[in-house]
Every structure is written in C-alpha cells, then in structure tokens.
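The values are calculated or read from the model by the stated rules, or taken from the named source; none is laboratory data. These numbers were taken from a predicted model, which means no experiment stands behind them. Counting neighbours? That spans all protein chains shown, and the Cβs are built from the backbone with ideal geometry, glycine included. Keep in mind that these areas ignore ligands, DNA and RNA; they rest on the heavy atoms of the full protein, side chains included. Shrake-Rupley method; radii C 1.70, N 1.55, O 1.52, S 1.80 Å.
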Amino acid sequence: MSTGNEPLAGFAVGVTAARRHEELATLLERRGARVVLAPAIRLVPLADDAELLEATRACAEGPLDHVVVTTGIGFRAWLEAADGWGMRDAVTARLAETGIVARGPKARGAIRSAGLRESWSPESEECAEVIRHLLREDLAGARIAVQLYGDREPELTGALRAAGAEVIEIPVYRWSRTEDPTPLRRLVGQAVAGTVDAVTFTSAAAVAATLAVAAEDGLEEPLLDAMRSQVVAACVGPVTGRALTGRGVPTVQPERARLGALVRTLVSELPRRRSRRLSVRGFSLELRGHAVVLDGQLRPIAPAPMAILRALARRPGHVVSRAELCGVLPGRLVPGGSAARDGWTRERLREARPQADEHAVEMAVARLRRGLGRPGIVETVVKRGYRLACDPRMADRLAAGAGG
C-alpha cells in the first residue's frame with residue numbers, strides 16, 4: 001500500500017494537452033497523481049497549404065524589416081516546408097539579414113538551431129510585449145513577417161498594420177478539435193461531478209475546445225462553476241489562462257511557461273487547496289481528492305463514501321443528519337454524451353443530484369468504514385445521523401485558529 005509520501009498521491013488530474021501529453025502525464029504520475037488523459041485539440045500541419053507557400057515566397061523574394069517567431073515548433077515546420085519547396089536557403093539568408101523577434105525561449109532555441117540569431121525576446125512571452133517593442137519605432141512602410149501559432153493573431157497583426165506596416169502572415173499549422181471528443185467529454189463530466197481535482201491546460205486553443213465541448217453538452221456553466229470552486233484550473237501561462245480568468249475562474253500558473261514548472265506549481269497548490277488534516281480518535285487523517293492518508297497510509301475512497309467523509313469533516317465532531325448526507329451524495333448523472341440532447345437544461349443540471357434515500361447513505365457509510373480500515377472513526381448517533389469521532393470543541397478551536 002502506498003504511504004502517500006508522493007505530493008500528488010490521492011489526487012486526480014486531467015490533461016488536455018495534445019503535444020507532449022505523455023511527458024506531462026509522466027511528470028504528474030511520478031508525483032503520485034492519477035492522470036485522466038483527454039486531448040482537447042490536435043495540431044494540423046499546413047506544409048502543402050497554398051497560403052503558406054505564397055507567404056514563404058513573399059519572404060524569400062522581398063526585403064524584410066522584422067520577423068516575429070512565436071513558437072519553436074512553428075518555426076521549424078516553416079523551414080521544413082520551405083526546404084520541401086526548394087526555398088530554405090533563400091528564406092534563411094533573408095532572415096539572417098533581418099531583425100528576428102523571438103516570443104519565448106522555445107522560439108529562441110529553434111532560431112539558433114537554424115544557425116540564426118534573434119535580435120530581441122521578451123521576458124513575459126506575451127504578444128503584448130512584442131507589440132510594444134516593435135511600436136517603439138516608426139513602422140510606416142515596414143515589411144514584417146509574423147509566424148502564426150494555430151490561429152490568426154489579430155491583436156498582433158492588427159496593431160502592426162495600424163502602425164503602417166505591411167504584415168505577411170505565415171500560417172504554419174492550425175489547431176483543430178480532436179477527432180474523438182469522448183475522453184474530453186468524460187473529463188468535463190468528471191470535473192462537473194467533482195471526481196477530478198485539477199485540469200491542466202497548455203494552450204489557449206485547448207481551453208477554447210474544452211469549453212466548446214462542454215457547451216455542446218449543456219455543461220459550460222457547470223464546468224466553469226466547478227473550476228471556480230472545487231476543481232483547480234492549472235494553466236501553463238497567462239495567454240493560456242486568459243479565457244478562463246475572463247470568465248471569473250481563478251487559475252494557477254507557473255512563473256515560467258514550462259511543463260516542469262506547471263507540475264511544480266500543482267505540487268505546491270493542489271494539496272493546499274484540496275486537502276485537509278484532522279486528528280480523529282488518535283489517528284492522523286488527511287483528506288485528499290479521491291483518497292485519505294490515514295497514519296501515513298494512502299487509502300483510495302470511492303466518490304460516494306468520500307462525499308460523506310467530506311461532509312462530516314466540514315463539522316468534525318458534530319452530528320450530521322442522514323437527510324443532510326442524502327444531499328451530498330453524488331448524482332448518477334456524469335455526462336459522457338450530451339446532457340443537452342437528453343433534455344437537461346443548465347438549471348435542471350444544477351438540481352440533478354437525486355435525493356438519495358437513507359439506505360444509500362447507510363451503504364456509503366459502510367463502504368467508508370471499510371475503506372478507512374479503522375474502527376470507530378465514523379460514529380453512528382442513533383436516530384440523528386453520523387459524526388467523526390473527535391472532540392468538537394477542539395475541532396472548532398483548530399478551525400478558528402486556521403481562519404475558519
């Protein structure tokens with residue numbers, strides 16, 4: 001049995017990344033997390049795209065004042081496409097005499113691997129800082145190539161055109177919805193039901209695709225509500241998290257936009273937000289996402305018993321009635337198809353936890369006791385309900401000392 005020493009043991013984390021999802025999953029699993037893989041998007045190369053060919057020819061044949069490289073993978077793909085058309089040498093020769101702006105370290109690495117050198121790179125990796133840098137000079141009549149990353153960048157290209165520049169957009173690839181949305185639909189349902197503790201996002205396109213799938217199933221607002229309260233939204237950077245923060249969802253973000261830094265941020269933030277420690281009948285009891293650590297041993301707990309335990313832990317030592325516990329049992333509706341097609345409105349969905357009868361509560365309590373494996377932690381108070389076996393006065397004092 002696991003000791004629970006891994007910092008993410010007992011927590012379930014959704015991964016929506018398309019590229020490098022296996023790497024991210026491995027990093028999380030090494031720290032004990034149970035990973036739910038649900039790629040939200042896929043990268044579609046445009047090596048044979050006529051627009052890319054035209055833009056590449058325009059860069060090779062005419063002078064450039066600036067080139068903005070937004071992603072490493074995009075820059076490498078552009079040079080590979082140029083090579084296929086016999087224009088790589090002409091493009092790199094043109095770039096060698098042009099001021100290259102690299103949006104971040106990955107872009108810098110790709111530029112240098114091609115034998116080139118960037119002239120400037122922002123600290124924040126945000127396009128807004130790139131815009132401010134370029135607008136410091138008079139751009140009237142300037143010719144600027146911008147390597148796009150998945151979608152059009154009207155904020156960047158629009159600002160440059162408004163300053164009088166001619167902008168050549170280089171559409172190397174685009175993001176598309178994943179071909180099989182079933183894993184993502186399942187993840188959305190788990191987030192709404194509270195059976196995952198965090199969802200990671202490594203691109204703004206993945207956020208948009210996740211919200212779109214949720215909206216198709218009538219679950220966009222329930223998903224946002226879940227991420228505002230019980231599910232941690234972990235974004236690799238501010239650009240990725242912007243659509244969520246704009247909808248009132250608090251996000252956790254690393255200081256540097258790297259997978260390793262994202263995992264370290266989760267290691268720091270997830271236990272702080274989604275765990276609680278109690279002393280019950282002399283045992284040290286820590287509640288985590290879908291497990292407890294009882295005297296140093298990790299014990300997985302099923303969703304219904306865990307819901308009972310969380311309700312009891314909110315008022316340790318106090319009796320919680322069976323009627324109240326009926327209301328906390330998770331409903332049987334965990335969308336994996338379309339709630340909208342099944343006739344579920346958002347209002348009905350919020351009320352979709354079926355009022356379980358007292359027998360369901362008794363069964364969940366019995367399973368909880370078996371899962372804990374220690375007698376006397378959950379006490380039955382005849383004709384009233386259940387309670388955690390600890391001194392309520394001491395628990396209340398500890399809660400007050402912790403700020404409630």
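Treat region 169-255 as a sphere of radius equal to its Kirkwood radius over Cα pairs and apply Stokes-Einstein at 10 °C in a medium of 1.306 mPa s; give the translational diffusion coefficient in µm²/s, rounded to a whole number.
Answer from the Stokes-Einstein relation: 120 µm²/s.
For the chain, take the longest principal axis of its alpha carbons; what is the angle in degrees between that and the long axis of helix 358-372, to the nearest 10 within 0 to 90?
The helix 358-372 is inclined about 80 degrees to the chain.
Rounded to the nearest 0.05, what FRET efficiency do residue 297 and residue 152 give with R0 = 51 Å and r taken as the Cβ-Cβ distance? Could you check? Before the final figure, lay out each step's value.
Numbers: r = 53 Å, r/R0 = 1.04.
Calculated transfer efficiency: 0.45.
With every protein chain left in place, what is the accessible area per residue of the chain in square angstrom, probe 1.4 Å?
With all protein chains present, the chain gives 46 Å² per residue.
What is the dipole size for the chain, taken about its Cα centre, with +1 at each Lys and Arg Cβ and -1 at each Asp and Glu Cβ, in debye to the nearest 20?
My answer is approximately 2440 debye.
I'd like the per residue volume of the convex hull spanned by the Cα atoms of region 98-230, given in cubic angstrom.
With only Cα atoms used, region 98-230 gives 150 Å³ per residue.
Restricting attention to the alpha-carbon atoms of region 23-171, what are Rg (one decimal) and Dmax (integer), both in Å?
16.8, 56
How many percent of Cα pairs in the chain exceed 38 Å?
34
Dipole of region 6-81, Cα-centred, from +1 at each Lys and Arg C-beta and -1 at each Asp and Glu C-beta, to the nearest 20 debye?
About 520 debye.
Stick to the Cα atoms of region 248-310, pair each with every other, and give me the Kirkwood hydrodynamic radius in Å at one decimal.
13.4
Quick one: angle between helix 259-274 and the longest Cα principal axis of the chain, in degrees between 0 and 90, rounded to 10, please.
It is inclined by approximately 30 degrees.
Work from the charge dipole of the chain (Cβ charges, +1 for Lys and Arg, -1 for Asp and Glu, about the Cα centre) and give the residue of 311, 157, 377 farthest towards its positive end.
377
Give me the number: length gained by fully extending residue 360 to residue 93, i.e. 0.36 nm times residue separation minus the C-alpha to C-alpha distance, one decimal in nm.
This chain segment gains 88.9 nm when fully extended.
Apply the Karplus curve 6.51 cos²θ - 1.76 cosθ + 1.60, θ = phi - 60°, to the phi angles in region 192-197 and return the couplings in whole Hz, x for Gly and Pro.
Along region 192-197, the couplings run 5, 7, x, 9, 10, 9 Hz.
Taking the Cα centre of the chain as the origin and placing charges on Cβ (Lys, Arg +1; Asp, Glu -1), which of 173, 21, 109 is farthest toward the positive end of the dipole?
Towards the positive end, the residue furthest out is 21.
Taking all pairs of distinct Cα atoms, average 1/r, flip it, and tell me the Kirkwood hydrodynamic radius of region 162-216 in Å to one decimal place.
13.7
Considering the options 260, 59, 141, tell which one lies farthest towards the positive end of the dipole of the chain, charges being +1 on Lys and Arg and -1 on Asp and Glu at the Cβ, about the Cα centre.
About the Cα centre, the residue reaching furthest to the positive side is 260.
In region 93-149, which trypsin sites (Lys or Arg not before Pro) are in a loop and have at most 11 other Cβ atoms within 10 Å, using DSSP for the loop call?
Values: sites: 94, 103, 106, 108, 112, 117, 132, 136, 143; in loops: 103, 117, 136.
Counting only loop positions with at most 11 other Cβ atoms within 10 Å, the trypsin sites (Lys or Arg not before Pro) in region 93-149 are 136.
Using a 1.4 Å probe on the protein heavy atoms only, what accessible surface does residue 290 show? Give it in Å² to the nearest 10.
Number for this one is 40 Å².
Taking the 0 to 90 degree range and rounding to the nearest ten, how far is the long axis of helix 303-314 tilted relative to the main principal axis of the chain, both from C-alpha atoms?
70
Tell me, what % of the accessible area of the chain is carbon and sulfur with a 1.4 angstrom probe?
Here carbon and sulfur together make up 48 percent of the probe-accessible area.
With labels modelled as points extended 7 Å from the Cα through the Cβ direction, what inter-label distance (nm, one decimal) is found for residue 311 paired with residue 180?
The answer from the label model is 3.7 nm.
When the chain is fully extended, how far beyond the present Cα-Cα distance does residue 162 get from residue 51, taking 0.36 nm per residue of separation? Walk me through the numbers on the way to the answer.
Numbers: separation 111, 0.36 × 111 = 39.96 nm, distance 2.24 nm.
So the extension gain works out to 37.7 nm.
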